[in-house]
Amino acid sequence: MSKKIVLASGSPRRKTLLEWAEVSFEVMVKPTDESYPADLAVEEVPVHIARQKALGVAAELSGNELVIAADTIVVLGNEIIGKPSSREDAIQILSKLAGQTHRVITGVVLLDGANEKSFSDITTVHFHALTLEQITFYVDKYKPYDKAGAYAIQEWIGVVGIKSVEGDFYNVMGLPVSRVMQALQTML
């Protein structure tokens, strides 16, 4: 790969997933406004935010780099569920998701100068019913405050609480790696 790849994300999960794919990259994060236009389609929200992340990092670089940015949201019905603001919020979010089916949508933007590839990947997740005791145990032990939907599929709650997944498992972790790799091959 001739260009330097820069991951515009501080997510340890995205970093791990790219490492598993044996991609050589550096991490650079810029504070990003994660607001979005109210009339934006739900599937476009994480792409919009990922684009803002990519543009923020690209502005600091020489232009000879390829920037990868991503944003993940959880959607229950038509409600976008972000990261919990507190322990109580995390418990409330997981109580809402328990026994329900939701979508995890990750928006990805690959930016190489003026050349951009963007897409969103959708995975459907079915949760078992969970007791308040299970939810509280998970929140207190794993502290999922930096995760959309207040959970990480690769942790205890995923093993115990998720009934099934339709789509890319890694998308739920925060990056649809196989699609990213396909996009990278066309851009490098």
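The values are calculated or read from the model by the stated rules, or taken from the named source; none is laboratory data. Quick caveat: nothing in here was measured; it's all calculated off a predicted structure. Quick reminder, even Gly has a Cβ in these numbers, built from the backbone with ideal geometry, and neighbours come from all protein chains shown.
The one condition from (1) of a type in the set (Ser, Thr, Tyr); (2) outside any strand (DSSP E or B); (3) touching a helix residue (DSSP H, G or I) at 6+ places or on another chain (Cβ under 6 Å) that Thr72 does not meet is (2). One residue is enough: does the stretch 102-113 have a residue meeting the conditions at pLDDT below 95, assigned to a loop (DSSP other than H, G, I, E, B) and over 21 Å from Asn171 (Cβ atoms)? Yes, the stretch 102-113 has at least one match. Considered as a group, the residues in the stretch 107-161 that are surrounded by 15 or more Cβ atoms within 10 Å (Cβ to Cβ) and of a type in the set (Phe, Trp, Tyr) include one that is nearest to Leu184 (Cα to Cα), and that residue is Phe119.
Scan Ile68, Ile81, Ile91 and give me the residue that is under 30 Å from Ile162 (Cα atoms), of a type in the set (A, V, I, L, M) and free of Cβ contacts under 8 Å to residues at least 60 places away in the same chain. The match here is Ile91. Screening Glu133 on (1) charged (D, E, K, R); (2) at pLDDT below 95; (3) in a helix (DSSP H, G or I) shows it passes everything except condition (2). Could you figure out which of (1) over 15 Å from the mean Cα position of the chain (by Cα); (2) in a loop (DSSP other than H, G, I, E, B); (3) crowded, with 17+ Cβ neighbours inside 10 Å isn't true of Lys83? Among (1) over 15 Å from the mean Cα position of the chain (by Cα); (2) in a loop (DSSP other than H, G, I, E, B); (3) crowded, with 17+ Cβ neighbours inside 10 Å, the lone unmet condition for Lys83 is (1). Just checking, does the stretch 135-145 include any residue being more than 28 Å from Gly56 (Cβ to Cβ), touching a Ser or Thr at 6+ places or on another chain (Cβ under 8 Å) and of a type outside the set (Phe, Trp, Tyr)? There is at least one residue in the stretch 135-145 that is more than 28 Å from Gly56 (Cβ to Cβ), touching a Ser or Thr at 6+ places or on another chain (Cβ under 8 Å) and of a type outside the set (Phe, Trp, Tyr). Taking every residue in the stretch 34-45 that is farther than 17 Å from Ala148 by Cβ and pairing it with any residue that is outside any loop (DSSP other than H, G, I, E, B), at least 6 positions away or on another chain, the pairs with Cβ-Cβ distances below 8 Å are Pro37/His48.
When residues in the stretch 4-44 are screened for being assigned to a loop (DSSP other than H, G, I, E, B) and either closer than 22 Å to Ile122 by Cβ or hydroxyl-bearing (Ser, Thr, Tyr) (or both), 14 of them pass.
Being under 30 Å from Ala54 (Cβ atoms), in contact with a strand residue (DSSP E or B) (Cβ under 8 Å, 6 or more places away or on another chain), modelled with pLDDT of 95 or more and outside any strand (DSSP E or B) narrows it down to one of Ile93, Ile122, so name that one.
Ile93
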